[in-house]
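Read through the structure below, which is laid out as structure tokens, and then see the notes.
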């Protein structure tokens, strides 16, 4: 009896392992398929969609970057994401620091205001945001998208910063003043460097969310020159819907920065992106 | 907390906070008032505006497409909770077992899909589902189930499920990482002690692991509900709400009404409705599950 049960258990364990492995593979295979196909010739691809790229060729990448505005969109998303990261860090550190260190009129309210951003479904504000930007003539500028991107990154970043700065002893502030720092030097030269672990989390989360953002770049930007990569890749797909391998190359280009980041910092990214849920 | 003796003067604090708080209020709070105001008008974005009072809201309640997208959103959200959190939860239980191999590998691999933009996930699955280049149909042909081949994104009966699968697939890893980290933070000796006391395998799951991650599970469900309710990117890219309106969800309908049909006033009223519904949903799920996580 015991033997039968043991054999059954082993069998069950094997099946579960297999099932999880299949799920894991299903997460990575489509991506590998996309990368593999992007290295093939379209004619070759149409004959058999699952064949391996025997002779990897990069002409699709060259072509994807040359045709259309993909390269332009790529750069746009690049500078927007980097500026978003910088602004988010400056803003969230300032707010987090002020709110966790001092009690002043409205300090609690300001904290709650930012935290409430995690509850307010900002996406449902698409239409009024568009109206507001239109009235103030803020549509279609190079800096337009910084407003939504930074604002959407703020709630989580403020929460994380506030939680972290609370743990830094206040004696450090005093010591900094004693050493002759002024207020800003104390804040940025003494406290800020200590926040490195949480700053890296904010860098990662705000960069990824800005790079991947779609709805607001859809409604706030009409100018072709200012399109982000999410919009660019859609237009690219519509223009080249029959040249699949070229399309795949464009898709790979559009996720390349994120994939490279993940390859290097996977542990930090996993930790950073789930921290809001764990801490929240 | 006592007042910090080193606190700078009020005007200094005000100056420093002006920009961050200002930008945030400008983006998140003021639009709510804009929406409330314009929802009272018939307005297509141009010069002419007609005051309607509450008429837009009454119209929404009689709008079939609104109710269809509401129903679709509800079904979709339910699928997401069962799919994403459910699968992740089961996997998490497996991952606590000794006989489970390569758990760290699985965690890292399943998380990859999370960092990729919803747009690319949508476009990729559009190709996977497609007839010409799709590997799904290719796969079904390979295992000899040609009769299972469907026009995945063009059949109104199944389209909602077809668009749900990629979203579930994308986010299982997210909840898996949250829950497995919650378990990792449980002191090892508790689990070992349980083992010594004879609680191994499934018994340990039921009496130790599940109660310990119960709070995390609730948080996951709340995040999942809030996230799924505002799904926009995937569906917008894959079907645009079609065929017909069969995969239309609230956020997408709001977009369509406002920017394709140019009914801005009506769109604002819809935005207010969606805002209220999702706030109720978030608060409701929080009350129901009894979490006190966001304070």
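For the reader, a short list of remarks on this structure follows.
- Residues in the stretch A:108-118 that are farther than 19 Å from residue A:84 by Cβ and surrounded by 15 or more Cβ atoms within 10 Å (Cβ to Cβ): A:110, A:111, A:113, A:115.
- Residue that is farthest from residue B:23 (Cα to Cα), among those in the stretch A:120-140 that are exposed (fewer than 15 other Cβ atoms within 10 Å of the Cβ) and either under 24 Å from the mean Cα position of the chain (by Cα) or more than 10 Å from chain B (Cβ to nearest Cβ) (or both): A:140
- Where residue B:251 falls short, out of the listed (1) modelled with pLDDT under 90; (2) within 11 Å of another protein chain (Cβ to nearest Cβ): (1)
- Taking the listed residues A:244, A:262, the one that is more than 21 Å from the chain's Cα centre (by Cα) and outside the structural domain of residue A:154 (by TED's automatic domain parsing) is A:244, with no other qualifying.
- Which listed residue, of A:121, A:155, A:56, is free of Cβ contacts under 8 Å to residues at least 12 places away in the same chain and in contact with a helix residue (DSSP H, G or I) (Cβ under 9 Å, 6 or more places away or on another chain): A:121
- Candidates B:285, B:278 - the one that is out of contact with any strand residue (DSSP E or B) (no Cβ under 6 Å at 6 or more places or on another chain), more than 9 Å from chain A (Cβ to nearest Cβ), in a helix (DSSP H, G or I) and at pLDDT below 90: B:285
- Residues of the stretch A:1-50 satisfying the condition of being outside any helix (DSSP H, G or I) and modelled with pLDDT under 80: A:1, A:48, A:49, A:50
- Residue match in the stretch B:233-240 (condition: without any contact (Cβ under 8 Å) to a residue 60 or more places away in the chain and assigned to a loop (DSSP other than H, G, I, E, B)): yes
- 3 or more residues closer than 30 Å to residue B:203 by Cβ: qualifying helices (runs of 4 or more DSSP H) within the stretch B:85-183: B:87-95, B:103-115
- Looking across the stretch B:46-84 at every residue that is buried (at least 16 other Cβ atoms within 10 Å of the Cβ) and in a loop (DSSP other than H, G, I, E, B), the one that is modelled with the lowest pLDDT is identified as B:52.
- Counting the residues of the stretch A:19-42 that are more than 17 Å from residue B:107 (Cα to Cα) and loosely packed, with under 14 Cβ neighbours inside 10 Å gives 1.
- Test: residue in the stretch A:60-71 that is surrounded by 12 or more Cβ atoms within 10 Å (Cβ to Cβ), touching a helix residue (DSSP H, G or I) at 6+ places or on another chain (Cβ under 8 Å), under 23 Å from residue A:261 (Cα atoms) and without any contact (Cβ under 8 Å) to a residue 12 or more places away in the chain: yes
The values are calculated or read from the model by the stated rules, or taken from the named source; none is laboratory data. Since the model is a prediction, treat every value here as computed from it, not as a measurement. Note: ideal-geometry Cβ built from the backbone for every residue, glycine included; neighbour counts use all protein chains shown.
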